[in-house]
Every structure is written in structure tokens, then in C-alpha cells.
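Down below is the structure, laid out as C-alpha cells.
The numbers here are math on the coordinates, done by the rules we state, and not lab data. Since the model is a prediction, treat every value here as computed from it, not as a measurement. Cβ coordinates were reconstructed from backbone atoms using ideal geometry, including for glycine residues, and neighbour counts include every protein chain displayed.
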Amino acid sequence: MSDAVSAIRQALKGISGVPVTPYTSAGAVDADALSALIIRLSRQGIHNLMAAGNTGEFFALSLEEIRQVHRVTIEAAKGGSSLVSAAVGRSLVEAKALARDAISEGADAIMGHYPMDPFAAPASQARYFLELAEASTVPVIAYIRSDTFAIADFVSLAGHPNIAGIKFASSNLMLLAEAIRSTRDMPAIWVCGLAEGWAPAFYAMGARGFTSGLVNVFPELSLAIHAALEASDFAKARSLIDPIAGFEALRTKYANGANVTVVKEALGMVGPGVGPVRLPGLERLNDSERDTLRSIVTRVASA
């Protein structure tokens, strides 16, 4: 195993934070605000930063904006303890091109977004990640948002020497358990892709680490949850997760359309605003939702 793959696998056992993408009042990517956010997260000790992930509105950004987010994140993380995984996706041609550019900027890893083509076959989606891994000169993380993959597909991904881990973002825990059981002799890391609330269940199945949008707002809380899980103190982890249950529930509204909106509005409640969410995400919460969110943020901040 190469040192680079080993380092990414170690980081994946921690928190993979997904920074939001701030916008200026004119609607452009706010490089200064993004840089300040990345510096804060890196200094807090977030293990892995997924630049232009879903919480970063990957699918609402142009390809050049994605490159900008990668570049700013990589530069701002220098000097901190975080590794940077540059998120890529869309067509395989575009994903490979984005990966090449991010690697040239100094990305530590590539995170392949789940291919969203409505006519994609599951086995072909697995091949999408395998081809990305073959083309990349840094380790790749496969982001799976479906429970349609066969176990053989997961085995092929976990067995590839350049796939450091699999970010599993389905609530199908029986499939996860079988996938982990079938790849137990392989070194790929299985990561909870459904944030803090699902992390205890994923850990019980054998996964390690989790992704987080909460880190944008309360990185200390995410780190405390991670520490409890690493110590197998599930009771403590649950007690730390309980206060943010309402936060995560708000994010699932409108078929997950409020996912990023909640994070961005919470950020504005504890510090400078980062702009609204771009269409087709929910641009803003309504007054009732915002009052609920403010109550949660105030309670967590004062705890």
C-alpha cells in the first residue's frame, strides 16, 4: 500500500467535513469567505475536507467554479492538519478532467460523486469509479448513494488498490453489513456517508469515520462525537447527537432540498452570512423553519 493511500485511509477514519460554498452578493463564489472557512476547519483538526461535495453544492456550480473551489480549499488548508479530497463528477470525461486539475493543484485525494445519469446501470456505475481510480494519480474515494449495487460491485471497488474508501450514503444497513462482511479482508475503509446521526449504527456495522455538514457550524461537537465513537462509547455519542437531531431533521425536508440551506442559515446565525443556496436547492427557509433552527443553534451554542 502506498503512503498516500495509507494517509487517506487514516483520514477517512476521522471526520470528512464538507464545506459549504459561500457566495458574494452578486452570486459569485466568495473565495475570501471560503478560504476563511477552510482555515478555521483545518485549524480545528477536521481530518479530511471534501472540497465541492454535496454540501458545497457541486451540481449547482459550473466546472470552472468547481475548479476554483478546489484551488481555494487546497491553498487555504496548507499549514493545517486537514487533508483535502477534491470532489469530481458528472460525465466520466468531466470527472477525469476535474481530477487531473485538482491533482495538479495539490489535492490529496479525489472523491467521485455518485453518477446521477437516470439511465445508468449499477454495475456500470461501479465501473465509473474503477475507471476514475485507474486514471487518478492520487487515491480515490467512491461515493455511493444507492442500494442497487450488487455485493460483487462493492467487492470490485474495495479491492482496487487506488480506492482508499467507500462513502456509503444509503440507510440500507443490511446491505452495508453484507458489503463489509464480504470485503473484510480488503483494506478499503467504509465511511458513514449520512452524517453524525447515522454514525453509531454504521460504526456498529464495522464502518469508520463519518461525513459532516455540521462541522461548518459546530466543528467541536462533531469532533466530540467522533471521539466518543472511536472510544466505543455509544451512550456518550448518542447524548451528543441528541441536541442536533432537529438540525438534521430540518435538513431532510423537501426531499433533502433543505440540506444545504439549513447549514448555510445556521452559519449565518453564528457568524457572517455565506449567501443563499442556488437553485434547484431550497434557496431559503421559511420563518417557522428559521425560528426552529435558531432555537436549535442557540441551544447547542450555549451547551
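Roughly how many debye, to the nearest 20, is the charge dipole of the stretch 3-218 about its Cα centre, given +1 on each Lys and Arg Cβ, -1 on each Asp and Glu Cβ, and no other charges? The partial results should precede the final answer.
Details: 16 positive and 19 negative charges, 95 e Å.
In total the dipole reaches around 460 debye.
With both partners inside the chain, how many of the DSSP beta bridges are antiparallel, as a percent to the nearest 5?
Values: 1 of 27 bridges.
Beta bridges within the chain, antiparallel portion: roughly 5 percent.
Would you calculate a helix-derived [θ] at 222 nm for the chain, using -39,500 (n - 2.57) for each DSSP H run of n ≥ 4 and dividing by the full residue count, to the nearest 500? Don't skip to the answer; put the middle values down first.
Values: 13 runs with 146 residues, N = 303.
So the calculated ellipticity at 222 nm is -14500 deg cm²/dmol.
Distance in nm between label sites at Arg100 and Met174, each 7 Å beyond Cα in the beta-carbon direction?
So the label points at Arg100 and Met174 sit 4.5 nm apart.
Residue by residue through the stretch 27-36, what is 3J(HN,Hα) from phi via Karplus (6.51 cos²θ - 1.76 cosθ + 1.60, θ = phi - 60°)? Round to whole Hz and write x for glycine and proline.
Each residue of the stretch 27-36 in turn: x, 8, 4, 8, 4, 5, 5, 5, 4, 4 Hz.
If one computes the Cα centroid of the stretch 56-95 and of the stretch 1-34, what distance in Å separates the two points?
Between the Cα centre of the stretch 56-95 and that of the stretch 1-34, the gap is 7 Å.
Which of Gly17, Gly112, Gly257 ends up with the largest GNM mean-square fluctuation for the chain, with Cα atoms connected below 10 Å?
The residue that fluctuates most here is Gly257.
Which aspartates and glutamates have a Cα less than 12 Å from the Cα of Lys253, not counting those fewer than 8 places away in the same chain?
Glu289
Quickly work out the Ala26-to-Ser232 label distance, labels modelled 7 Å from Cα along the C-beta direction, and quote it in nm with one decimal.
5.6 nm
Hey, got the dipole for the stretch 199-275? About the Cα centre, +1 on K and R Cβ, -1 on D and E Cβ, debye to the nearest 20?
Working: 6 positive and 6 negative charges, 35 e Å.
Around 160 debye, computed over the stretch 199-275.
Going by how many other beta carbons lie within 10 Å of each one, how would you line up Met174, Met186, fewest first?
So the ranking, lowest neighbour count to highest, is Met174, Met186.
Applying 1/(1 + (r/R0)^6) with R0 = 30 Å to the Cβ-Cβ distance of Arg127 and Ala255, what FRET efficiency is obtained, to the nearest 0.05? Please list the in-between numbers first.
Numbers: r = 28 Å, r/R0 = 0.94.
Result of the calculation: an efficiency of 0.60.
Once you have the Cα-Cα distance between Ala152 and Ser182, take 0.36 nm times their residue separation minus that, and quote the gain in nm to one decimal. Mind dumping the intermediate values first?
Details: separation 30, 0.36 × 30 = 10.80 nm, distance 0.87 nm.
Here the segment from Ala152 to Ser182 would lengthen by 9.9 nm.
Tell me, what HN-Hα J-couplings in whole Hz come from the Karplus equation 6.51 cos²θ - 1.76 cosθ + 1.60 at θ = phi - 60° for each residue of the stretch 280-292, using x for Gly and Pro?
Once θ is set to phi - 60°, the couplings for the stretch 280-292 become x, x, 5, 5, 8, 6, 7, 4, 5, 5, 5, 5, 4 Hz.
For labels at Ala224 and Ala135 in the simple 7 Å Cα→Cβ model, what's the distance in nm?
The answer from the label model is 4.4 nm.
Kindly list the residues of the stretch 251-278 that lie in the label zone of Ser302, defined by a backbone N under 16 Å from the point 7 Å along the Cα-to-C-beta vector.
270
Work from the charge dipole of the stretch 3-218 (Cβ charges, +1 for Lys and Arg, -1 for Asp and Glu, about the Cα centre) and give the residue of Phe202, Gly159, Asn54 farthest towards its positive end.
Of the listed residues, the answer is Phe202.
Give the lysines whose C-alpha is closer than 23 Å to that of Lys13, dropping any in the same chain fewer than 8 places away, or say none.
Lys78, Lys167, Lys236
Can you give the net charge of the other residues whose Cβ lies under 14 Å from the Cβ of Arg290, counting K and R as +1 and D and E as -1? Kindly include the intermediate steps, with their values, before the conclusion.
Details: positive: Arg251, Lys253, Lys264, Arg284, Arg294; negative: Glu265, Glu283, Asp287, Glu289, Asp291.
Here the charged neighbours net out to 0.
What is the fewest-to-most order of Trp190, Trp198 by other Cβ atoms lying within 10 Å of their Cβ?
Values: Trp190 24, Trp198 20.
Placing the least packed residue first, the sequence is Trp198, Trp190.
Can you tell me the relative contact order of the chain? Whole percent, Cα pairs under 8 Å, sequence separation 6 or more. Before the final figure, lay out the partial values.
Working: 567 pairs, mean separation 52.4, N = 303.
Across the chain, relative contact order equals 17 percent.
Any chance you could get the radius of gyration and Dmax over the Cα atoms of the chain, in Å?
17.9, 52
Can you sort Thr137, Thr261 by how many other beta carbons sit within 10 Å, fewest first? The partial results should precede the final answer.
Working: Thr137 11, Thr261 23.
Ascending number of Cβ neighbours within 10 Å: Thr137, Thr261.
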